[in-house]
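A quick write-up on the structure given underneath.
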Amino acid sequence: MTELARYRLEGKTAVVEMDDGKANALSDVMIDQVTAALSRAEAEASALVLTGRPERFCAGFDLRVMMSGPDKAKALLQRGSELLMRLYGAPIPVVIACTGHALAGGALVVLTGDVRIATAGAYRIGLNEVAIGMPVPVLAMELARDRLLPSALTRATLLAHVHSPDEALAAGYVDEVVPADQLMARALAEATRLGALGRMPFAATKARLRDRTIAHIRNTLDADMRALMFPAAT
């Protein structure tokens, strides 16, 4: 199987690099490999850095699968949503090193990070669903509601604005914007800092902070997917 999510240890930090040679779509294989890498990191590392290929962090769910029929689209969305919830609730710190474009599902991956650092450049981060003719799913809306500044939420969701890195910083998508050649060093430094926190208090506090949102997303996922895929029947 082609390796789409390369895993390595840097001291006590696990680094997972998504690279499918293209736009880093969330395909079945990518989802499987990032999920496996997360499980491995939880077992052997004190923190995780999730990053992408140069200029492309993640393009969201694989359009080839999404356009191949409702059953395949639903299955991919379910698996991808579970990965996002795993990342969002991971008991170890998750640092996102956003290397470039992150749209739709890719923007959601960014939102799952405990610390999110983006590379400067002519890149776009955002939820563009309304602009391409679909409602923002509950999954995306709730992650955006949790992480974005309240003043930025309407523009980011209802108005489908896609952000430059500096705009993403102002809206709350990311916590820091740095030159590309500094991105990994900053991400590793943050992962080392966070990994030194006590694992039990970190995990317990994170659960208290996020478990309500995660439970709501999981509980509404099936109904929301039916509404998205079969709007005339709802």
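Just so you know, all these numbers are worked out from the coordinates, no wet-lab data involved. Treat the numbers as computed from the prediction; the structure is a model and nothing was measured. Note: ideal-geometry Cβ built from the backbone for every residue, glycine included; neighbour counts use all protein chains shown.
Pop out the ³J(HN,Hα) list for the stretch 174-182 in order, Karplus 6.51 cos²θ - 1.76 cosθ + 1.60 with θ = phi - 60°, rounded to Hz; leave Gly and Pro as x. With the stated coefficients, the stretch 174-182 comes to 10, 9, 7, 10, 9, x, 4, 6, 10 Hz.
Which angle between 0 and 90 degrees, to the nearest 10, do you get for helix 199-229 versus the longest principal axis of the chain when only C-alpha atoms count? Once rounded, the angle reads 20 degrees. The order of the peptides 88-97, 15-24 by mean Cβ neighbours within 10 Å, most packed first, is 88-97, 15-24. Quickly work out the Leu197-to-Arg226 label distance, labels modelled 7 Å from Cα along the C-beta direction, and quote it in nm with one decimal. Modelled inter-label distance: 3.8 nm.
Summing Cβ point charges (Lys, Arg +1; Asp, Glu -1) relative to the Cα centre of the chain gives a dipole of roughly 360 debye. Normalising the average separation of contacting C-alpha pairs (under 8 angstrom, six or more residues apart) by the number of residues puts the relative contact order of the chain at 19 percent. Taking R0 as 25 Å, what FRET efficiency do you get between Arg155 and Ile132 from their Cβ-Cβ distance, rounded to the nearest 0.05? Given R0 = 25 Å and the Cβ-Cβ separation, E is 0.90.
Counting only DSSP beta bridges with both residues in the stretch 5-195, tell me the antiparallel percent, nearest 5.
30
Distant-in-sequence amide contacts of Val162, defined by a placed amide H-H separation under 5 Å and a gap of 5 or more residues or a different chain, comprise nothing.
Just to be sure I understand: of the beta bridges DSSP finds with both ends in the stretch 94-234, what percent are antiparallel, rounded to 5?
On the way: 2 of 11 bridges.
The antiparallel fraction comes to roughly 20 percent.
Would you mind counting up the charge near Pro54? Only other residues with Cβ under 14 Å from its Cβ, with Lys and Arg at +1 and Asp and Glu at -1. Every neighbour counted, the sum reads -1.
Applied to the stretch 16-28, the Karplus parametrisation 6.51 cos²θ - 1.76 cosθ + 1.60 on θ = phi - 60° returns per-residue 3J(HN,Hα) values of 10, 10, 7, 7, 9, x, 10, 9, 6, 6, 7, 8, 4 Hz, with x for Gly and Pro. Going from the fewest other Cβ atoms within 10 Å to the most, the residues Arg79, Arg147 appear in the order Arg79, Arg147.
Length gained on full extension, Ala36 to Asp211, computed as 0.36 nm times the residue gap minus the Cα-Cα distance: 60.8 nm. Summarising the amide proton neighbourhood of Phe61: residues at separation of 5 or more, or on other chains, whose placed amide H is nearer than 5 Å comprise Leu26, Gly105, Gly106.
Against the main long axis of the alpha-carbon atoms of the chain, helix 138-147 sits at an angle near 40°. Peptides 121-132, 101-112, 40-51 ordered by packing proxy, namely the average of other Cβ atoms within 10 Å per residue, highest first: 101-112, 40-51, 121-132.
3J(HN,Hα) couplings calculated from phi for the stretch 80-90 with the Karplus curve 6.51 cos²θ - 1.76 cosθ + 1.60 (θ = phi - 60°) are, in sequence order, x, 5, 5, 4, 4, 5, 4, 5, 5, x, 4 Hz; Gly and Pro show x.
If we count every other residue with Cβ under 13 angstrom of Arg212's Cβ, Lys/Arg +1 and Asp/Glu -1, where does the sum land? The partial results should precede the final answer.
Details: positive: Arg145, Lys206, Arg208, Arg210, Arg218; negative: Glu142, Asp146, Asp211.
Local net charge: +2.
For Rg and Dmax of the Cα atoms in Å, the value computed from the atomic coordinates appears in the list (1) 16.6, 53; (2) 19.0, 59; (3) 18.6, 55 under label (1). Annotation: amide H of Glu10 within the under-5 Å range of Val15, sequence separation 5 or more or interchain, hydrogens built in the peptide plane. Net charge near Ala45, counting Lys/Arg +1 and Asp/Glu -1 over other residues with Cβ under 13 Å of its Cβ? Its environment carries a net charge of +1. Summary value for the stretch 139-234: 26 percent relative contact order, contacts being C-alpha pairs under 8 angstrom separated by 6+ residues. Just to confirm the number: angle between the C-alpha axis of helix 183-195 and the first principal axis of the chain, 0 to 90 degrees, nearest 10? The answer is roughly 80 degrees.
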